[in-house]
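Down below is the structure, laid out as structure tokens.
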């Protein structure tokens with residue numbers, strides 16, 4: 001059973017109250033923080049003020065793990081994301097003793113997998129870290145689960161076009177492919 005090292009976190013917070021996280025050997029970054037109990041002064045940090053501890057592990061391949069822990073260090077929830085928002089994998093929920101109480105397969109209904117979508121993106125020049133967006137949902141229009149892949153292509157002379165591809169969630173067949181003018185970039189200040 002995965003546990004949060006509350007003692008180690010407390011030492012880091014005492015040594016550096018601005019502590020936010022650390023880099024792992026594989027280059028992944030772990031953000032660590034706590035969610036304070038309601039109506040408790042959360043500053044300065046004390047372990048008794050924490051309702052939950054949270055680790056957000058940001059992997060270089062675009063996957064993220066979000067793991068929350070009870071105040072006693074036992075795991076509370078385990079969630080996975082791709083590209084920040086897309087819920088993927090098996091999400092797991094635990095009681096305060098660390099016993100698994102529920103699991104939800106976020107990939108259910110999608111035989112055309114996330115890895116298949118990433119391969120589709122590579123074949124089409126999509127960089128999900130830069131300008132690619134990925135969504136999946138049941139489509140009322142197509143009456144099935146679909147993936148929607150959106151990306152920007154830079155054209156000669158500074159022009160840009162936005163591609164939108166809707167793929168069947170089971171077969172991977174392209175149901176619709178659109179090109180439209182890309183949204184205007186906001187000027188940075």
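Just want the ordering: 53, 142, from fewest to most Cβ atoms lying within 10 Å of their own Cβ.
Ordered from fewest to most neighbouring Cβ atoms within 10 Å, 53, 142 come out as 142, 53.
Can you tell me what the convex hull of the Cα atoms of the stretch 114-181 projects to on average, as an area in nm²? Before the final figure, lay out each step's value.
Values: hull surface 18.9 nm².
If you wrap the Cα atoms of the stretch 114-181 in a convex hull and average its projections, you get 4.7 nm².
Among 91, 151, which comes first, then next, by fewest other beta-carbon atoms within 10 Å? Don't jump to the answer; show the numbers that get you there.
Values: 91 16, 151 21.
Sorted ascending by nearby Cβ count, the order is 91, 151.
Calculate for the chain the 222 nm mean residue ellipticity that helices alone would give, adding -39,500 (n - 2.57) per DSSP H run of length 4 or more and normalising by residue count, nearest 500 deg cm²/dmol.
On the way: 2 runs with 20 residues, N = 189.
Mean residue ellipticity, 222 nm, calculated: -3000 deg cm²/dmol.
Given Cα pairs under 8 Å that are at least 6 residues apart, what percent is the relative contact order of the stretch 114-181?
Values: 108 pairs, mean separation 14.8, N = 68.
Computed over the stretch 114-181, the figure is 22 percent.
To the nearest whole percent, what portion of all C-alpha pairs in the stretch 6-105 is separated by more than 23 angstrom? List each step's numbers first, then the result.
Details: 1559 of 4950 pairs.
So the pairs more than 23 Å apart make up 31 percent of the total in the stretch 6-105.
Under the definition of Cα pairs under 8 Å and six or more residues apart, what whole-number percent is the relative contact order of the chain?
Working: 353 pairs, mean separation 20.6, N = 189.
Reported as a whole number, the value is 11 percent.
Sorting 75, 150 on the 10 Å Cβ count, fewest up front, what's the list? List each step's numbers first, then the result.
Working: 75 20, 150 16.
With the fewest neighbours first, 75, 150 line up as 150, 75.
Sticking with the crude label model, points 7 Å out along Cα→Cβ, report the distance from residue 14 to residue 46 in nm, one decimal please.
1.4 nm
Could you work out how much longer the chain between residue 61 and residue 150 gets when fully extended? Use 0.36 nm per residue separation minus the Cα distance between them, nm to one decimal. List each step's numbers first, then the result.
On the way: separation 89, 0.36 × 89 = 32.04 nm, distance 1.84 nm.
Full-extension gain reported as 30.2 nm.
Using a 10 angstrom cutoff on alpha carbons, build the Gaussian network for the chain and name the most mobile of 36, 44, 17.
Most flexible of the set in this elastic network: 44.
If you consider only alpha-carbon coordinates, what radius of gyration and Dmax does the chain have, in Å?
Rg and Dmax of the chain, Cα atoms, are 20.7, 61 Å.
Using only Cα atoms, tell me the angle between helix 114-123 and the longest principal axis of the chain; keep it within 0 to 90° and round to the nearest 10.
50 degrees
Pairing the Cα long axis of helix 6-15 with the longest principal axis of the chain, what angle in degrees results, from 0 to 90 and rounded to the nearest 10?
That helix lies at roughly 90 degrees to the long axis.
Laboratory data are not the source of any read-out in this text; all were calculated from the coordinates shown. Note that the structure is predicted; figures quoted are calculated from it, not measured. All Cβ positions, glycine included, derive from the backbone under ideal geometry; neighbour counts span all protein chains shown.
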